[in-house]
Amino acid sequence: MIIDIPEGQEPIGYVWGDMVPEIGTAAANFSLSVYAHTTLGLREFEAARLRIAQINGCGFCLDWRTDRDGVKVEEGFDEVVAAWRTTEVSDSFDARTRLAAEYAERYALDHHGLDEEFWARMTAHYSQAEIVELTMSLGSWLAFGRLNRVLGLDEVCVLPTGEAGARGEGRPGS
């Protein structure tokens, strides 16, 4: 980690809250809003989030699983997401989920290559509001997960506990 954390301080809280409170608090609120106000299904949400985490290499984000009312994606879902191109469409990995993983990857690695053919597939499966929501979520995860990875925060943070942590809240990043 390249940021010095004072003894007894929680790294994410210190960096995001104490070091740059005006920016960090706004960023944390945006990050938390992605979880608190999403209308996307859990599987497509997690497919996009996990694909960004895989690209960013954020260990904390890779270990995280969003919990909605006690429901999380199954073990091994991250492997299915990593292989989104060859994973067969099924009840557990439908066209929306595959598109979410694809969009996440292309958003992070080839946003200039998002062509008419891709958008035709997206608009066939997602409403315009869902596309905007997913795009904002991707931006949050890409920026904040990468921030945590670049600064080394992902190596020292622990998964939150308690009610907020169980809902997928209480931590900035992806």
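The values are calculated or read from the model by the stated rules, or taken from the named source; none is laboratory data. A quick note: this is a predicted structure, and the numbers were derived from the prediction, not measured. FYI the Cβ positions are ideal-geometry reconstructions off the backbone, even for glycines, and counts take in every protein chain you see. Keep in mind that these areas ignore ligands, DNA and RNA; they rest on the heavy atoms of the full protein, side chains included. Shrake-Rupley method; radii C 1.70, N 1.55, O 1.52, S 1.80 Å.
Here are the numbers for this structure:
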quantity	calculated
Counted residues, region 50-106 - those being of a type in the set (Val, Ile, Thr), within 24 Å of Ala36 (Cβ to Cβ) and open to solvent by 60 Å² or more (accessible area, probe 1.4 Å)	1
Some residue of region 87-94 being modelled with pLDDT under 95, over 26 Å from Gln128 (Cβ atoms), touching a Ser or Thr at 6+ places or on another chain (Cβ under 6 Å) and hydrophobic (A, V, I, L, M, F, W, C)	no
Single unsatisfied condition, Ser33 versus (1) modelled with pLDDT of 90 or more; (2) surrounded by fewer than 16 Cβ atoms within 10 Å (Cβ to Cβ); (3) more than 14 Å from the chain's Cα centre (by Cα)	(3)
Complete set of residues in region 36-49 that are loosely packed, with under 13 Cβ neighbours inside 10 Å and in contact (Cβ under 8 Å) with a residue 60 or more places away in the chain	Ala36, Thr39
Meets criteria (open to solvent by 20 Å² or more (accessible area, probe 1.4 Å), assigned to a helix (DSSP H, G or I), farther than 19 Å from Tyr107 by Cβ and among the charged types (D, E, K, R)) for Glu22	yes
Hey, Val15 open to solvent by less than 30 Å² (accessible area, probe 1.4 Å), within 15 Å of the chain's Cα centre (by Cα), over 15 Å from Leu138 (Cβ atoms) and at pLDDT 90 or above or not	no
Residues of region 25-57 satisfying the condition of being farther than 15 Å from Glu105 by Cβ and touching a Lys or Arg at 6+ places or on another chain (Cβ under 6 Å)	Leu42
Verdict on Arg51 being assigned to a helix (DSSP H, G or I) and touching an Asp or Glu at 6+ places or on another chain (Cβ under 6 Å)	yes
Output for region 20-43, where each listed residue is hydrophobic (A, V, I, L, M, F, W, C) and more than 18 Å from Phe60 (Cβ to Cβ)	Val20, Ile23, Ala26, Ala36, Leu40, Leu42
Residue, surrounded by the most Cβ atoms within 10 Å (Cβ to Cβ), within region 123-163, restricted to residues that are modelled with pLDDT under 90, aliphatic (A, V, I, L, M) and in contact with a helix residue (DSSP H, G or I) (Cβ under 7 Å, 6 or more places away or on another chain)	Leu153
